[in-house]
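Right, one structure below, let's go through it.
The values are calculated or read from the model by the stated rules, or taken from the named source; none is laboratory data. Bear in mind the structure is a predicted one, so any value in this text is a computation, not a measurement. For neighbour counting, all protein chains shown are included, and Cβ atoms are generated from backbone atoms with ideal geometry for every residue, glycine included.
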Ligand code: HEA
Ligand code: HEA
Ligand code: CUA
Ligand SMILES: [Cu+2]
């Protein structure tokens, strides 16, 4: 058990040189956090304050995402068909893989916390690396997905890219599938697809949705997954730093709280995805695959 | 209220600073050569910009927030001046729109929301809790920097172009039909939002975890209760408006169509999300004001507050109810009648806690020993104006009447009564009340009282006519208006000039007092809060030892005052006595010198005399 | 091994057993076995989610069923993670409140706003 | 226009009365409580001023009864006012079935008002006294708000929806018309007046001035031009429902569901009101006339709001010989499983949309850039001096087709 700095448990204020430490929320900058900071009276108070702070921070995170979730809910309710069509453009396999990966990373993170608590440095580092790998994998898959989305013309237009931009329904998967059983009239219609027109997605029953509404789905899709990904990236970055610190035995000397706090953050990000996955990918499932059935 | 065991200083009672009294020479302990406090502990720009001391951060806020107030005020000056004539003689329509938009945005997001929490709360919550600092000093500093970044972005955007959106940024106007650096402003507000979130976070944790031993929830000063409720609102509301504003930016950049009716999007959705924050935000503005009033009113009626628990709980009631009424800003949209009615009834309910507070403050005066110092004047002004402002809120929450009043000057008058007449008054009250503690010097009482009265007059003259113009149907955000409203607007502008003056005075005399104000002892008001149990200005860690609290706040009593007075007179006598002795001693010494060679006797006498001092 | 751990985490300090089970997230050490159980549960739930989604209840005239199932499962997952991975189960009352409260406010946002949309003329919904 | 200072604006509609009385009661409450508080404060401040020799012995610190009292009284007052205001609100909101209709299109920064008889006005609304008038309003661009202080009525005007507003003017005269929702640079210029005439004069007025073909007549023309008749006409090969007697008829429609074959979708009966017809034109796929194929192309973007409204006026005039709802317009439901399900509704001629007080409830897709097709568009608007739109709106993604 390599513990570099022995834990201080002095109740007396440390020398003035002691740094303040207040950013446990942000998961980084954990120097001396196992030392009693001079504005706290004792370690217990410090620990509790910091973890309470973390939870409060998670409040704000939850409220922030909830705004997006509400927009999603509202328009899903209004434009179910558009959402259906939109979700069919996504790659459920990749989505599933990512969900799996993220849950796994939560597991490793939890184990990392455990390792820190039992002061097992090697295990701690191992689990951290594991979490890093999973987290990285998630981001990697997302990157793949997004590039695919781009090539399949699902990225809504930038103003400066002109009215069309990359946005091109004619490229969408479903429409591809649809081509298989296409009748002349739809052929013409499909050829005419413009960013502001409507697109047929169920040729059997002549169901059309406004491309604009599908676009709204994609906007929300990119906003939600984007915001989530930003959190992931931040998490991975922080975790890297913490890994180095862990190597130095920072968290296996009784100062396991930073790991635990980061765990809270990581699990929260995981939870967000747990909701995003079924909402964005699994609308009424695979039934519509291949356009007609 | 506090027994601080083995405390270095038992507070030397000071005469409450009535105009006459303050100038009384301090009774300085003999052994004091300029004690170290948070101001003189270190010098230099760096020591301020990188400080982690909540008191210094509060002072940073004081500076910047005041600046923003002037900016917003000057914008208001433009608005009012232009409305002097019905024909918009002064500035173009676009400029006018930019002026009131800037006014609203700056005043709301950069003046009133940070004003009391980030300045007074930051400075005094830790002290009232007997803590050495806020729980997260670094985050505290971070939030100030976020505020600065946001402010710079917004001011920059306003400087180069400005926006014509009003502070409400309604889509699709803001998203599609007007240009200008809206995205920059939006992001500025977004960032400033996080500043206020972090402040709230800090307060919540501090209040939960850093109370001094014995300081139970019901021994907390009501100021802390109020700030706690405010923090809840900040934490739960602000993120929503943040994401909404972000969505607006996305809407503008990517043309997302979420708020755009022509693509099936919903403009009303924006209003829902916006007001989900912005109504609680109005209580973010008023709750701190109420918190200040609760402190000041008790102190200057020398009497424990009336109905402590009711005031405390009403704050929490407001905090929760305020999340259920936002729809009352949308009565004339095509919001469904059902939800309009639901929102209406809850709006009426949320009025009740405020009513409770008002009545309890009034009852506190009963059998008090009231002195009309500047803070007290502001506070009484608050109670009166808030009553009017709040009750006119009831007009607006009555749907039938609001249909007529929505977006008229009646609304403008309403919210200036509650924001300016109430919150800004309370802010002024708090600033004067705690000024001696913050800078260690008294402000000139006479000037203070003059400004307070002037503000009250100017305010009433400015905004009372707007109620009338409003019910007569004058729509807000009008650059030119129907001549029938001319008279009211002239009155209003006249009032505004008086107000500007009334705000200018404090700028001057408070600055003046920094250097020339008479020294204030630890407790010039002889107040009971923990913050007064330590020197002014306080030392960096606030207290030399963590105080131990044994009883509730506000242990004021007129009888005590008499004893204190007596004690004060005694001390003063002693001081004179000592001075006299010193003089005598001096003479003796002198004579001894003349006699050539100081005798051991005279030496000892001198020593004694010196020690007496 | 948890037994050992218990003592190891609390090196004769203020943060000793006294607090361990009462407040203070994280001082209670959750045995690995629990984690394993939870993660298996999560994975199973994930599979169920997919399975349920594969069926399109819309065709059976129950278009709402898909989303209901999906959300219920998601909530269960979230609760599992919060309780065990985030240790709320072993935390102080305060943390219980804090971890729950946010969802209360999210509910306010959803309910109060949807009251408007649902009580508008029906044709908005299709 | 009264130019003197008016504390209370003239009350010139049936709605104004109740609102004013509620307003006065509220004022009473306000004055009372303000006086109460202020007097109490003044009294205490004087009586218990510092140094005054008065009895300060054992001051009360808490008084449950008092608290209850001043919680209860305000609560009662509040609930009373709430109840009253809500009643007024509902009364003022339910639109009389016999109200005459006028269409309002708001756009930056002017109002265009169209009388069904074809008379149109800019920024002036002329109405007869003593007759309920219903305004069906929509916007070409941003949110505006139609506000007549003297009538105490106001309603926001949205792009992409209909909102409704009604009033019943009680005295002839000229009143203010304001736009109350900030709508851009010349928001304050989006004002006009409401002229209330004696019924006789009104009739006269309708004939004079810039009458162009009645809306219906215009609509008929468009109906032909855009090939509506080609499908809906009596002798057309396409299987499209006849529109005779459609207006206000009970129509069985089907709302397509994801993955459900249309012929298996349960049909439901709704009233073919303005909103429905409007949507059938711009979003035909949204609600399909039961038993028909959803082959009608959308006319979104091809027809301006104004034109659509004219077509609707025309469709309203389409009546069958016997004046009843033509069974055929339920779609001669041939060989469709659910045909038995829906019986032809009977038309309630008196029925008027929104009689249930329900507001516009759709998102139609106006083309924000289309301009009002009126000969002298700006001349009559006060903002002539100003450019019509200082800031050209970004082309709404949908507008061009
Ligand atoms: C500090 C900020 C603040 C505060 C405290 C309030 C307090 C209240 N406000 Fe206000 N309000 C605003 C700031 C504030 N408001 C702003 C900025 C706007 C406009 C935003 C915009 O459009 O730009 C606005 C707009 C606004 C509207 C929308 C108007 C419209 O646009 O059509 C409504 C409608 O219900 C409303 C209602 C109320 C009510 C019921 C209260 C209540 O909380 C008041 C409670 C207080 C009292 C009731 C007085 C004390 C009680 C007594 C003395 C006892 C007697 C009491 C009774 C008999 C009940 N406000
Ligand atoms: C805390 C918030 C706050 C504060 C303090 C104020 C303060 C004032 N407001 Fe404010 N006001 C709002 C919040 C606030 N306002 C909001 C949210 C809106 C809605 C905006 C919108 O519609 O989007 C609004 C709108 C608004 C309007 C309506 C504009 C319109 O709808 O067309 C008017 C008009 O009279 C007005 C006037 C004033 C005046 C005269 C003051 C005075 O109290 C200001 C006095 C202060 C000073 C003048 C600064 C200090 C003095 C000096 C530095 C001296 C030098 C300055 C001069 C000589 C000018 N305000
Ligand atoms: Cu139109 Cu304001
Ligand atoms: Cu409000």
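If only residues of the stretch B:314-336 that are more than 10 Å from ligand 1 (Cβ to nearest atom) and without any contact (Cβ under 8 Å) to a residue 40 or more places away in the chain are counted, the one that is surrounded by the most Cβ atoms within 10 Å (Cβ to Cβ) is B:336.
When you scan the stretch B:267-277, do you find a residue that is assigned to a helix (DSSP H, G or I), within 16 Å of ligand 2 (Cβ to nearest atom) and away from chain D (no Cβ under 14 Å), even just one? Yes, there is a match, as at least one residue in the stretch B:267-277 is assigned to a helix (DSSP H, G or I), within 16 Å of ligand 2 (Cβ to nearest atom) and away from chain D (no Cβ under 14 Å). All of (1) more than 8 Å from every other protein chain (Cβ to nearest Cβ); (2) more than 20 Å from residue A:52 (Cβ to Cβ); (3) at pLDDT below 85 hold for residue C:28 with one exception: (2).
Here are B:189, B:241, B:185, B:205: which of them is at the interface with chain A (Cβ under 8 Å from one of its Cβ atoms) and at pLDDT 90 or above? So that I can check it myself, show each step before the final result.
Details: B:189 fails: at the interface with chain A (Cβ under 8 Å from one of its Cβ atoms); B:241 fails: at the interface with chain A (Cβ under 8 Å from one of its Cβ atoms); B:185 fails: at the interface with chain A (Cβ under 8 Å from one of its Cβ atoms).
Criteria check complete, one pass: B:205.
Listed here are the residues, each with its yes/no results for (1) crowded, with 24+ Cβ neighbours inside 10 Å; (2) more than 10 Å from chain C (Cβ to nearest Cβ).
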site: A:239; (1), (2): yes, yes
site: A:247; (1), (2): no, yes
site: A:250; (1), (2): yes, yes
site: A:258; (1), (2): yes, yes
site: A:261; (1), (2): yes, no
site: A:266; (1), (2): yes, no
site: A:280; (1), (2): no, yes
site: A:283; (1), (2): yes, no
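Being over 26 Å from residue B:261 (Cα atoms) and more than 9 Å from chain D (Cβ to nearest Cβ) is the filter; apply it to the stretch B:325-350 and report the residue that is nearest to the chain's Cα centre (by Cα). The residue in question is B:350.
For the stretch B:301-312, indicate whether the set of residues that are outside any loop (DSSP other than H, G, I, E, B), within 24 Å of residue B:400 (Cα to Cα) and more than 10 Å from every other protein chain (Cβ to nearest Cβ) is non-empty. Taking every residue of the stretch B:301-312 in turn, none turns out to be outside any loop (DSSP other than H, G, I, E, B), within 24 Å of residue B:400 (Cα to Cα) and more than 10 Å from every other protein chain (Cβ to nearest Cβ). Would you confirm whether any residue within the stretch B:563-580 is surrounded by 15 or more Cβ atoms within 10 Å (Cβ to Cβ), at pLDDT 85 or above and more than 24 Å from the chain's Cα centre (by Cα)? Yes, the conditions are met somewhere in the stretch B:563-580. Does residue B:484 meet the test of being without any contact (Cβ under 8 Å) to a residue 24 or more places away in the chain and in a helix (DSSP H, G or I)? It is true that residue B:484 is without any contact (Cβ under 8 Å) to a residue 24 or more places away in the chain and in a helix (DSSP H, G or I).
Within the group A:90, A:111, A:58, A:68, which residue is more than 19 Å from the chain's Cα centre (by Cα) and either within 28 Å of residue A:140 (Cβ to Cβ) or surrounded by fewer than 21 Cβ atoms within 10 Å (Cβ to Cβ) (or both)? Explain how you work it out, then say what you get.
Values: A:90 fails: more than 19 Å from the chain's Cα centre (by Cα); A:58 fails: more than 19 Å from the chain's Cα centre (by Cα); A:68 fails: more than 19 Å from the chain's Cα centre (by Cα).
When all the criteria are applied, what remains is A:111.
Within the stretch C:50-105, the residues that satisfy the criterion of being more than 9 Å from chain A (Cβ to nearest Cβ) and outside any helix (DSSP H, G or I) are C:61, C:62. Note on the stretch D:166-188: among residues that are more than 15 Å from ligand 1 (Cβ to nearest atom) and free of Cβ contacts under 8 Å to residues at least 60 places away in the same chain, the one that is nearest to residue B:179 (Cα to Cα) is D:188. Can you confirm whether the stretch D:164-180 contains a residue that is crowded, with 24+ Cβ neighbours inside 10 Å, facing another protein chain (nearest Cβ under 9 Å) and either out of contact with any strand residue (DSSP E or B) (no Cβ under 8 Å at 6 or more places or on another chain) or within 25 Å of residue B:260 (Cβ to Cβ) (or both)? So far as the stretch D:164-180 goes, yes, one or more of its residues are crowded, with 24+ Cβ neighbours inside 10 Å, facing another protein chain (nearest Cβ under 9 Å) and either out of contact with any strand residue (DSSP E or B) (no Cβ under 8 Å at 6 or more places or on another chain) or within 25 Å of residue B:260 (Cβ to Cβ) (or both). Taken together, B:77, B:166, B:73 contain a single residue that is within 13 Å of another protein chain (Cβ to nearest Cβ), within 16 Å of ligand 2 (Cβ to nearest atom) and in contact (Cβ under 8 Å) with a residue 60 or more places away in the chain, which is B:166.
Before we move on, is residue D:25 more than 9 Å from chain B (Cβ to nearest Cβ) and more than 38 Å from the chain's Cα centre (by Cα)? So residue D:25 does not fit the description; no.
Filtering B:461, B:431 for residues that are surrounded by fewer than 21 Cβ atoms within 10 Å (Cβ to Cβ), more than 16 Å from ligand 3 (Cβ to nearest atom) and under 30 Å from residue B:390 (Cβ atoms) leaves a single hit, B:461.
Total residues in the stretch D:75-100 satisfying the condition of being buried (at least 21 other Cβ atoms within 10 Å of the Cβ) and either without any contact (Cβ under 8 Å) to a residue 24 or more places away in the chain or more than 24 Å from residue B:331 (Cβ to Cβ) (or both): the figure is 3. In the stretch B:169-179, of all residues being at the interface with chain D (Cβ under 7 Å from one of its Cβ atoms) and assigned to a loop (DSSP other than H, G, I, E, B), the one that is farthest from ligand 1 (Cβ to nearest atom) corresponds to B:179.
If you go through the stretch B:412-435 and keep only what is within 9 Å of ligand 1 (Cβ to nearest atom) and more than 12 Å from the chain's Cα centre (by Cα), you end up with B:412, B:414, B:415, B:416, B:417, B:418. Selection of the stretch D:287-302 for residues being out of contact with any strand residue (DSSP E or B) (no Cβ under 6 Å at 6 or more places or on another chain) and surrounded by fewer than 22 Cβ atoms within 10 Å (Cβ to Cβ) yields D:292, D:293, D:295, D:296, D:297, D:298, D:299, D:301, D:302. If you check residue B:418 against the conditions, is it in a helix (DSSP H, G or I) and within 16 Å of ligand 3 (Cβ to nearest atom)? Against the criterion (in a helix (DSSP H, G or I) and within 16 Å of ligand 3 (Cβ to nearest atom)), residue B:418 does not qualify. Restricting attention to the stretch B:363-389, the residues that are near ligand 1 (Cβ under 9 Å from one of its atoms) and either modelled with pLDDT under 95 or under 18 Å from the mean Cα position of the chain (by Cα) (or both) total 3.
Going by the conditions given, is residue B:438 surrounded by 21 or more Cβ atoms within 10 Å (Cβ to Cβ) and away from chain D (no Cβ under 12 Å)? If you could, list the steps in order and put the result at the bottom.
On the way: surrounded by 21 or more Cβ atoms within 10 Å (Cβ to Cβ): yes; away from chain D (no Cβ under 12 Å): yes.
In short, yes.
For the structure I just gave you, tell me whether residue B:295 is within 10 Å of another protein chain (Cβ to nearest Cβ), more than 16 Å from ligand 1 (Cβ to nearest atom) and farther than 24 Å from residue A:52 by Cβ. Here the answer is no, as residue B:295 does not meet what is asked.
Which one of these is within 13 Å of ligand 2 (Cβ to nearest atom), part of a helix (DSSP H, G or I) and either within 14 Å of chain A (Cβ to nearest Cβ) or crowded, with 23+ Cβ neighbours inside 10 Å (or both): B:119, B:112? Outline the logic, then answer.
Values: B:119 fails: within 13 Å of ligand 2 (Cβ to nearest atom).
From the options B:119, B:112, the qualifying one is B:112.
Every listed requirement among (1) farther than 25 Å from residue B:283 by Cβ; (2) away from ligand 2 (no atom under 16 Å from the Cβ); (3) in contact with a helix residue (DSSP H, G or I) (Cβ under 9 Å, 6 or more places away or on another chain) is met by residue B:397 save one, (1).
Examine the stretch D:47-61 for a residue that is buried (at least 17 other Cβ atoms within 10 Å of the Cβ), within 7 Å of chain B (Cβ to nearest Cβ) and under 24 Å from residue B:314 (Cβ atoms), and state whether such a residue exists. Within the stretch D:47-61, one or more residues are buried (at least 17 other Cβ atoms within 10 Å of the Cβ), within 7 Å of chain B (Cβ to nearest Cβ) and under 24 Å from residue B:314 (Cβ atoms).
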